[in-house]
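What follows is a single structure, written as structure tokens, with notes after it.
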Amino acid sequence: VFIHALGTGGEVVAQFDAPPLNGLYPTDAWLPGQVIADTHSIALPESAQSLAIGLYDPTNLTRLSVIDGGGRRLPDDAVLLPVTGKE
């Protein structure tokens, strides 16, 4: 799992990487359509504007494809979420 906090120019300003579920339930054991709840924390600097979240193959660092509900591959193979609630 990767979580990248991105600044205004898309640069990585903080990151977190770890196996899903701390390696306790490997992805090759997941069932099709199964929903996996995996919680992580990341300290966000003030410059963080969005989070890029996804999965990658640790043997070659290649990101796994992220496909939206319409069957389109997402840019950078990541789900992009805005950082909100900063005051």
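None of the figures in this text is laboratory data; all of them are computed from the coordinates on show. If you're wondering where the values come from, they're calculated on a predicted model, not measured in any experiment. Quick reminder, even Gly has a Cβ in these numbers, built from the backbone with ideal geometry, and neighbours come from all protein chains shown.
Observations on the structure shown:
- Residue list for the stretch 31-62, restricted to those being under 13 Å from the mean Cα position of the chain (by Cα) and in contact (Cβ under 8 Å) with a residue 40 or more places away in the chain: SER50, LEU51, ALA52, ILE53, GLY54, LEU55, TYR56
- Flag for ARG63 being basic (Lys, Arg) and out of contact with any Asp or Glu (no Cβ under 8 Å at 6 or more places or on another chain): no
- Subset of the stretch 63-87 (residues that are free of Cβ contacts under 8 Å to residues at least 60 places away in the same chain and among the small types (Gly, Ala, Ser)): SER65, GLY69, GLY70, GLY71, GLY85
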